[in-house]
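The structure appears right after this line, and notes come after that.
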Amino acid sequence: MKRFRFKHKETIATILVEDEKYYKVAANTMLKARKEIENYISTDPFFLTTLEPYDCINAKGIVYKMCRAAKIANVGPMASVAGAIAGYAVEETVKAGAKFIVIDNGGDIAINSDKELTIGIYPTDLAFKIRGRICVCTSSGKIGHSISFGFADAVTIFSEDCCIADAFATALANEIKEDFKQKEIEKTLNSFWNMAKNYVKGAVVVKDEYIGFVGKIPKLVKAKVNYDLITRG
């Protein structure tokens, strides 16, 4: 396994691949995805700023996927941008022949792995054991630069669709309020599941000393987290 750091404008990612040639495929695909998004923003600046679902006129490719995910999760299309880019890059790299690739785009992780991986949840000592093709997207009301109206330490969504996972991570994180304790978190998760169960595999909420989950999530274990491996700006 080889580890690479990719940085271009706002996109800062860690890419794990079996061979350097697949890093080049992934990096070029991420640049292509960014270019598509930037070109669309140049013709429709509201796409960049709206925090609500948006009818994207003549949207195609990755922009269309972002707009679709935004409508399903009831958030703005840019809420899914990191997951969208990571997921698209993994898809294209697998098409190019990669058997193993992981892209961590600032906490939104797209995975295609024939090996079992340990994926930690920052800022906890918890981790998931993951194998196969899946997207693991996380939003926080306390950490990072992304817009959130909630107060969760971490909200993690599992889905086969990275756009969907990222959008729903934002949507659920927005609902976790400052005074929430176990009862309120459970109620919010149940309400979320009624809306999202047809699109995601499961969700985990971490807030203060509380942790809640719904749906089918990977095996959860205690883990020693190496903070030096976290993708950060």
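Every residue, every condition in (1) surrounded by fewer than 19 Cβ atoms within 10 Å (Cβ to Cβ); (2) part of a loop (DSSP other than H, G, I, E, B); (3) not small (Gly, Ala, Ser), yes or no:
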| site | (1), (2), (3) |
| --- | --- |
| 38 | yes, no, yes |
| 47 | no, no, yes |
| 55 | yes, yes, yes |
| 69 | no, no, no |
message: I'd like the full set of residues that are aliphatic (A, V, I, L, M) and at pLDDT below 90, limited to segment 98-146.
response: 121, 126, 143
task: Please give the strands (runs of 3 or more DSSP E) falling wholly within segment 193-233 in which 2 or more residues are closer than 15 Å to residue 119 by Cβ.
output: 202-207, 219-222
query: Could we say that residue 130 is part of a strand (DSSP E or B) and either farther than 19 Å from residue 205 by Cβ or out of contact with any strand residue (DSSP E or B) (no Cβ under 6 Å at 6 or more places or on another chain) (or both) here?
result: no
message: On the basis of being farther than 24 Å from residue 70 by Cβ and either touching a residue at least 40 places away in the same chain (Cβ under 8 Å) or surrounded by 14 or more Cβ atoms within 10 Å (Cβ to Cβ) (or both), does residue 204 make the cut?
response: no
- line: Residues of segment 217-233 being more than 26 Å from residue 5 (Cβ to Cβ) and either in contact with a Leu (Cβ under 8 Å, 6 or more places away or on another chain) or without any contact (Cβ under 8 Å) to a residue 40 or more places away in the chain (or both), in sequence order, are 220, 221, 222
- prompt: Checking residue 64 against (1) over 16 Å from the mean Cα position of the chain (by Cα); (2) closer than 28 Å to residue 153 by Cα; (3) aromatic (Phe, Trp, Tyr), which single condition isn't satisfied?
  reply: (2)
- request: With the condition kept exactly as written, say whether any residue in segment 166-177 is in contact (Cβ under 8 Å) with a residue 24 or more places away in the chain, outside any loop (DSSP other than H, G, I, E, B), of a type in the set (Phe, Trp, Tyr) and in contact with a helix residue (DSSP H, G or I) (Cβ under 7 Å, 6 or more places away or on another chain).
  value: yes
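May I ask you to say which residue of 14, 43, 29 is of a type in the set (S, T, N, Q), surrounded by fewer than 20 Cβ atoms within 10 Å (Cβ to Cβ) and within 18 Å of residue 93 (Cα to Cα)?
14
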message: Restricting to segment 17-26, and then to whatever is surrounded by 20 or more Cβ atoms within 10 Å (Cβ to Cβ) and more than 19 Å from the chain's Cα centre (by Cα), can you tell me which residue is farthest from residue 96 (Cα to Cα)?
response: 23
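The values are calculated or read from the model by the stated rules, or taken from the named source; none is laboratory data. Please read all numbers here as calculations on a predicted model, not as lab measurements. Positions of Cβ are generated from backbone atoms using ideal geometry, with glycine treated the same way; all protein chains shown enter the neighbour counts.
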